Amino acid sequence: MAIRNIRTDEDTILRKKSKTVENFNDRLKVLVDDMFETMDSADGVGLAAPQVGMLKRLIVVDDRDEENQHRFYLINPVITRKEGSEVCREGCLSIPGKQGDVKRATDIDVTYNTLDGKEEKINCKDFLARIIQHEIDHLDGILYTDRAEKMYRIVQKDDNLEELEI
């Protein structure tokens, strides 16, 4: 496994649409493992393949819920149903030092492929649904800043973090 470089918002790859994964091979498994290691190293809750320079429809997720931890990957994810909505604060490993208020569905169904190409379905709610929608946006070249109702710059002041509206 290896920690890969996370691309930041000035990198044009983040604005490109990812390609459907068709080869379910050992290289794909290595990419999944590397993405988990990269996400963990950056203390993230989700990571999309374009963020590590790969235009593949692949995301990894870890909601860091200590009681009911959800840690998994989704290959070729497609949201098939959305319900509810909520505006919450989001950040992104590719846009350091900023956060924004983004409206997302609170209950979603997603179809995806496993590493052996089998199609599966998952239902996600609340924070987990938000993570998945954020990461799937990356696969379509969309950043949360495109959807944000308000943006904030996060700055370190003394020993505290302070938010300044942009």
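Computed from the coordinates by the stated procedures, all read-outs in this text should not be read as laboratory data. Just so you know, these numbers come straight off a predicted model, no measurement behind them. In this analysis, Cβ positions are derived from the backbone assuming ideal geometry, glycine residues included, and neighbour counts consider all displayed protein chains.
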Estimated 222 nm signal from helices in the chain, with DSSP H stretches of n ≥ 4 weighted -39500 (n - 2.57), rounded to 500: -6500 deg cm²/dmol
Run through all the Cα pairs of the stretch 12-165 and give the fraction in each 5 Å bin from 0, expressed as whole percent. 2, 9, 18, 21, 22, 15, 7, 3, 2, 0, 0
As I understand it, the value is the acute angle between the Cα axis of helix 26-41 and the longest principal axis of the Cα atoms of the chain; what does it come to in degrees, rounded to 10? 20
Can you tell which of Ile132, Gln69, Leu55 lies farthest toward the positive end of the dipole of the chain, using +1 and -1 charges on the Cβ of basic and acidic side chains (Lys, Arg; Asp, Glu)? Leu55
Once you keep just the Cα pairs under 8 angstrom separated by 6 or more residues, what percentage relative contact order results for the stretch 12-165? 24
